[in-house]
Amino acid sequence: MFRGREVGLFAWGGTAVEIERMVWAFDPWPGTMGVSGGKRLKIFPPVRVEENKGGGRIGEVLVGEDGEVRVVCGVGVLVLSEVQLDGGRRMTAVELMRGRGIEF
């Protein structure tokens with residue numbers, strides 16, 4: 001059975017644990033991608049899951065005092081390390097936030 005890149009697509013409304021497992025399972029191919037501002041955003045390991053302590057809406061980006069980028073999921077928060085927008089280069093999540101001011 002052939003599985004294409006679509007198998008790695010996810011929605012931020014899923015649980016952070018599900019998305020984290022996809023990131024680790026689908027690296028390096030086909031990769032794990034969500035949609036951000038109408039573009040695909042590829043997420044690379046390492047990622048980790050945290051409990052959602054501060055609320056926020058699904059897809060909201062939280063940049064902590066520690067400089068880490070967190071995205072609120074349906075259940076939990078996903079802490080991102082490296083990402084890549086369609087047509088862009090691989091970069092840290094912090095670099096993406098500085099350059100784009102993007103919301104997931």
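Of the residues making up segment 61-74, those that are in contact with a strand residue (DSSP E or B) (Cβ under 7 Å, 6 or more places away or on another chain) and more than 24 Å from Phe26 (Cα to Cα) are Leu62, Val63, Gly64.
All conditions in (1) closer than 20 Å to Phe26 by Cβ; (2) modelled with pLDDT of 95 or more hold for Val77, with the sole exception of (1). Quick test for you: out of Arg48, Arg5, pick the one residue that is of a type in the set (Lys, Arg), surrounded by fewer than 19 Cβ atoms within 10 Å (Cβ to Cβ) and in contact with a helix residue (DSSP H, G or I) (Cβ under 8 Å, 6 or more places away or on another chain). Only one candidate qualifies: Arg48. Checking Leu62, Leu96 one by one, the residue that is farther than 14 Å from Val23 by Cβ, part of a strand (DSSP E or B) and of a type in the set (A, V, I, L, M) is Leu62 and no other.
Considering segment 25-52, and only residues there that are more than 12 Å from Leu78 (Cα to Cα) and part of a loop (DSSP other than H, G, I, E, B), the residue that is modelled with the lowest pLDDT turns out to be Gly37. Among the residues of segment 57-90, those that are surrounded by fewer than 13 Cβ atoms within 10 Å (Cβ to Cβ) and either in contact with a Ser or Thr (Cβ under 6 Å, 6 or more places away or on another chain) or more than 20 Å from Leu9 (Cβ to Cβ) (or both) comprise Arg57, Gly64, Glu65, Asp66, Gly67, Arg89. Residue-level analysis places Met22 outside the set of residues that are at pLDDT below 85, surrounded by 15 or more Cβ atoms within 10 Å (Cβ to Cβ) and either of a type in the set (Ser, Thr, Tyr) or outside any strand (DSSP E or B) (or both).
Taking each residue of segment 7-32 that is within 18 Å of Val69 (Cβ to Cβ) and looking for partners that are at pLDDT below 90 and surrounded by fewer than 21 Cβ atoms within 10 Å (Cβ to Cβ) with beta-carbon atoms closer than 7 Å, six or more apart or interchain, yields Trp12/Gly59; Trp12/Phe104.
The values are calculated or read from the model by the stated rules, or taken from the named source; none is laboratory data. As the structure is a prediction and not an experimental result, all values here were calculated from the model. In this analysis, Cβ positions are derived from the backbone assuming ideal geometry, glycine residues included, and neighbour counts consider all displayed protein chains.
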